[in-house]
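I have placed the structure first, in the form of structure tokens, so that the comments after it can refer back to it.
The values are calculated or read from the model by the stated rules, or taken from the named source; none is laboratory data. None of these values were measured; they are calculated from a predicted model. Positions of Cβ are generated from backbone atoms using ideal geometry, with glycine treated the same way; all protein chains shown enter the neighbour counts.
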Amino acid sequence: MEQTRRLITELPGPKARALMERQDAAVARGVSTLMPTFAVRAQDGILEDVDGNQLIDLGAGIAVTSVGASAPKVVEAVQRQVAEFTHTCFMVTPYEGYVAVAEKLAEITPVSGPVRTALFNSGAEAVENAVKIARAYTGKQAVAAFDHAYHGRTTLTMALTAKSMPYKHSFGPFAPEIYRVPGSYPYRDQLDGHTAAARAIAQLETQIRAENLAAVIMEPIQGEGGFIVPAPGFLKDIVQWCNANDVVFIADEIQTGFARTGRWFASEYEDVQPDIITTAKGIAGGMPLSAVTGRAEIMDAAHPGGLGGTYGGNPVACAAALAAIETIEEGRLDQEALRIEKLVLAHLEEIQRQDPRIGEIRGRGAMLAFELVDPQTQAPDAALTSAVASAARQAGVIALTCGTYGNVVRLLPPLTISDELLEEGLTVITDALTAA
Ligand SMILES: *Cc1c(COP(=O)(O)O)cnc(C)c1O
């Protein structure tokens, strides 16, 4: 596919409009869609719609298609595997691909010592299973999550997720024995990492107590919550406290994993070794797969037959994962994430110098965002944020927002996007900001 933005109709075009009508009549409105069009193919930085428009992809399907949405190795591996067999159920008749993915995760995840992996289908399912395993290992029940956390939309993971609208509103009651403590949000709490960690630990000790606490779960960069990078030292202090108190530390690297931040996993920046890591999103080049990887002693606390699921570690998804990981390794996509970081930061910092509505630019690698605020009060400006994102979408750029206050524009391009497309996509977004 030619890697250029091209709008030949307004968005939505006539074919997209017809599909929207069918969607409205057939698809539940709870599943809402952002882009005013429908996809037909995608490669690297470009997604083509049903009317022949070519859009710049700055979302990668929410940090999933880091290797591109049709990476040659992934396509080839999927085609080969799908013709061999589509499914046996690993719990019935196992196959090599599942084992090979577990071996690869043992190699690349920053969990120390012998590790074991179990595979599932979605990120939320991985988080659910990490909690089950931590409870089985510790014999304790409570789980602590942080302000601004996002861990999924199933019943247990909704309870772990912080933000009510749209994730939790009207869907309760929520799972018991889930507790929330303050995290680290340097732009808004002005605390250094050690002070923020001490505040969280004080609450863990008084409101839960270590002898009741099975696990602490945390995203090393909070994704849906606003691309919040904790202050230096925060994560390390929390992990040390967990280690000293027989509490399993679960790093939810579902959004940050697989070279997205410029390293295999964002925990590496914090110099911590989680007990368990949950992964999904970027793991398999767009095929649904997730994993729980953890210290063998913890993982094996779950009894035989206690973990699994019909589709978990589907063979086609496993073939895709092996190919996606190989693509990241051979293409040095970690370096590409750092290339993207450099270009995006230079562009955004230039704009910020003239526009104090950009309160903060933050993130790592190809996981970057800016927070839009009232320049006087730093109050979040969600209306401006959604106006900027929707203007960018109308102009053919897939732009995402996030944040507890809905005031963060986030960038998650495929790691294979060209400098030219990235620069053009950013210009569309920042021009929309200037015009707003
Ligand atoms: C997306 C996400 C999840 C949930 O993953 P699903 O595949 O949508 O269930 C959990 N945790 C984090 C950090 C995520 O970004």
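General remarks:
- Positions within the stretch 138-157 being near the ligand (Cβ under 8 Å from one of its atoms) and surrounded by fewer than 20 Cβ atoms within 10 Å (Cβ to Cβ), in sequence order: ARG153, THR154
- Selection of the stretch 281-303 for residues being touching an Asp or Glu at 6+ places or on another chain (Cβ under 8 Å) and either within 12 Å of the ligand (Cβ to nearest atom) or within 22 Å of PRO315 (Cα to Cα) (or both) yields SER290, GLY294.
- Going through (1) assigned to a helix (DSSP H, G or I); (2) over 18 Å from ALA118 (Cα atoms) one by one, ILE283 falls short only on (2).
- Only listed residue being more than 16 Å from the ligand (Cβ to nearest atom), modelled with pLDDT of 95 or more, in a loop (DSSP other than H, G, I, E, B) and surrounded by fewer than 15 Cβ atoms within 10 Å (Cβ to Cβ), chosen from PRO166, PRO110, PRO94: PRO94
- All positions within the stretch 113-137 that are loosely packed, with under 15 Cβ neighbours inside 10 Å and not in a loop (DSSP other than H, G, I, E, B): none
- Taken together, the criteria place ARG153 among residues that are assigned to a loop (DSSP other than H, G, I, E, B) and closer than 26 Å to GLU177 by Cα.
- Within the stretch 17-37, the presence of a residue that is outside the structural domain of ALA324 (by TED's automatic domain parsing), farther than 17 Å from ALA392 by Cβ and in contact with a Lys or Arg (Cβ under 6 Å, 6 or more places away or on another chain) is excluded.
- Selected residue (only one of GLU270, GLU253 is within 12 Å of the ligand (Cβ to nearest atom), over 15 Å from ALA69 (Cα atoms) and among the charged types (D, E, K, R)): GLU253
- First in the stretch 153-171 and polar (S, T, N, Q), second anywhere and assigned to a loop (DSSP other than H, G, I, E, B), Cβ under 7 Å, 6 or more apart: THR155/ALA175; THR157/HIS151; THR161/ALA149; THR161/TYR150; THR161/HIS151; THR161/GLY152; THR161/TYR167; THR161/LYS168
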